[in-house]
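The values are calculated or read from the model by the stated rules, or taken from the named source; none is laboratory data. Keep in mind that this is a model prediction, so the values were computed, not measured. With ideal geometry, Cβ positions are generated from the backbone for all residues, glycine too; neighbour counts draw on all protein chains shown. The accessibility values were calculated without ligands, DNA or RNA, using every heavy atom of the protein model including side chains. Shrake-Rupley method; radii C 1.70, N 1.55, O 1.52, S 1.80 Å.
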Amino acid sequence: MKPSALDSAAMLIALDEARAALLTADVPIGAVVIDADGAVIGRGRNRREADGDPTAHAEVVALREAAQTRGQWRLDGCSLVVTLEPCTMCAGAAVLARVDRVVFGAFDPKAGAVGSLWDVVRDRRLNHRPEVVAGVLDSECGALLADFFAEHRAD
């Protein structure tokens, strides 16, 4: 599926969230949830280090905020936009939240669960399968992560 202008605009906001994660020494991954009109209803960045919470991935944080904004856990009509391909936990959370679309930037060949290593969101055994849009601003998303890990490996 080809990305829309809304997808690219939302990814720029997710990239800002990813950069903010650097302030807490978290891996720079950012996410937003947008509604059908493109309004941001949830934002998240990795907060595992900041919160000491193994589930504080950017996607989970953004989905929680979007559910609070909406006043319900069902996020039908929404898109989850994230800078890195979601892991199994986050892909599962997207399915459980009933988002219509998962949009991501860089592929994650080591832990990606939206096509790279697993394909949780398209598993026919599940009751909901969001549409997937991959590779949105992938160079920018990948560069942010590559720079982070290069710096941390040099230490």
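Assorted remarks:
- Residue that is farthest from residue 9 (Cα to Cα) [pool: residues in region 123-141 that are of a type in the set (Val, Ile, Thr) and not in a loop (DSSP other than H, G, I, E, B)]: 132
- From the options 104, 148, residue that is within 14 Å of residue 18 (Cβ to Cβ), in contact (Cβ under 8 Å) with a residue 12 or more places away in the chain and part of a strand (DSSP E or B): 104
- Number of the condition not met by residue 66 [criteria: (1) over 17 Å from residue 14 (Cα atoms); (2) part of a helix (DSSP H, G or I)]: (1)
- If you filter region 91-121 down to residues that are of a type in the set (Lys, Arg) and either touching a Pro at 6+ places or on another chain (Cβ under 6 Å) or more than 23 Å from residue 145 (Cα to Cα) (or both), you find that the one that is surrounded by the most Cβ atoms within 10 Å (Cβ to Cβ) is 101.
- Output for region 49-61, where each listed residue is surrounded by fewer than 18 Cβ atoms within 10 Å (Cβ to Cβ) and outside any loop (DSSP other than H, G, I, E, B): 49, 50, 51
- Subset of region 62-87 [touching a helix residue (DSSP H, G or I) at 6+ places or on another chain (Cβ under 6 Å) and either open to solvent by 10 Å² or more (accessible area, probe 1.4 Å) or at pLDDT below 95 (or both)]: 63, 73
- Considering (1) over 20 Å from residue 45 (Cβ atoms); (2) open to solvent by less than 20 Å² (accessible area, probe 1.4 Å), the lone condition that residue 128 does not fulfil carries the number (2).
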